[in-house]
Amino acid sequence: MTDSKPKVAVLDDDENWCLAIQRFFRASFDVTTFTDVQSFLNSPLESYDLVMIDFTIAPNHRHETATNGIEIIHQLKTQLKHPPLAILTSAFISRSDLTLDHTLSMQADIVMPKDCGLDEILRTAQALLSAKDSGLNKTGEGRQSQLE
C-alpha cells in the first residue's frame with residue numbers, strides 16, 4: 001500500500017504565487033494550480049482534499065469579469081456533497097484585518113493573508129487536513145464526492 005499525498009488545488013491569477021505554493025508544498029501535497037476560474041471549475045473538484053482560492057481573481061479573457069473567491073467557495077460548498085476544505089487567501093488583507101470581517105470566514109474554512117508566509121499557510125493546511133481526517137476515520141467514510 002502506498003501513502004498518497006493529499007491533493008490540493010490552488011486558484012490564483014498570480015502565476016508566481018501559484019509556482020511558489022507548488023514548490024513549497026510539493027513535499028507534503030500533490031498540488032495542482034489554476035490561474036483562471038473556468039479551468040478550476042472544469043477540473044475534478046471532488047478529487048481535491050483542500051482548495052486554496054484567492055479572494056480576487058482577475059479575468060483571464062475580455063468577456064470575463066473579476067471573480068470573488070468567496071463566491072467560488074460558496075458554489076463548491078453548495079454543489080458538492082462532500083466539498084474539499086477551503087482556504088481563502090488574499091494579498092489585500094493582513095493579520096489585523098482578519099478580526100474585522102467575519103463575513104470572509106463564513107464560507108471558507110479559514111482565511112489567511114498571503115503576508116503570513118508560506119510556512120504558516122502550509123502548517124494551517126496540514127492542521128485542517130489532520131482534523132478532517134481524524135473525523136472521517138472515526139466514521140470510516142471515504143471521500144467520494146459527487147455533484148448533486
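The values are calculated or read from the model by the stated rules, or taken from the named source; none is laboratory data. Values in this document were obtained by computation on a predicted structure and should not be read as measured data. Here Cβ is always computed from backbone atoms with ideal geometry, including for glycine, and neighbour counts include all displayed protein chains. Heavy atoms of the whole protein, side chains included, go into the accessibility calculation; ligands, DNA and RNA do not. Shrake-Rupley method; radii C 1.70, N 1.55, O 1.52, S 1.80 Å.
Exactly one residue among ASP101, ASP115 is modelled with pLDDT of 55 or more and among the acidic types (Asp, Glu), and that residue is ASP115.
Selection of region 106-134 for residues being outside any helix (DSSP H, G or I) and touching a strand residue (DSSP E or B) at 6+ places or on another chain (Cβ under 9 Å) yields GLN107, ALA108, ASP109, ILE110, VAL111, MET112, PRO113. When region 1-54 is limited to residues that are within 17 Å of LEU76 (Cα to Cα) and assigned to a loop (DSSP other than H, G, I, E, B), the one that is most open to solvent (accessible area, probe 1.4 Å) turns out to be ASN42. Filter region 131-148 down to residues that are among the small types (Gly, Ala, Ser) and under 17 Å from SER47 (Cα atoms) and give me whichever is modelled with the highest pLDDT. Checking each candidate, the answer is GLY142.
When you look at ASP30, is it in contact with a Gly (Cβ under 6 Å, 6 or more places away or on another chain) and at pLDDT 90 or above, yes or no? Walk me through how you get there before you give the answer.
On the way: in contact with a Gly (Cβ under 6 Å, 6 or more places away or on another chain): no; at pLDDT 90 or above: yes.
Here the answer is no, as ASP30 does not meet what is asked.
Given the conditions (1) open to solvent by 40 Å² or more (accessible area, probe 1.4 Å); (2) over 26 Å from LYS5 (Cα atoms); (3) at pLDDT below 80; (4) in contact with a strand residue (DSSP E or B) (Cβ under 9 Å, 6 or more places away or on another chain), and given that SER94 satisfies all but one, which numbered condition is not satisfied? Against the list (1) open to solvent by 40 Å² or more (accessible area, probe 1.4 Å); (2) over 26 Å from LYS5 (Cα atoms); (3) at pLDDT below 80; (4) in contact with a strand residue (DSSP E or B) (Cβ under 9 Å, 6 or more places away or on another chain), SER94 comes up short only on (1).
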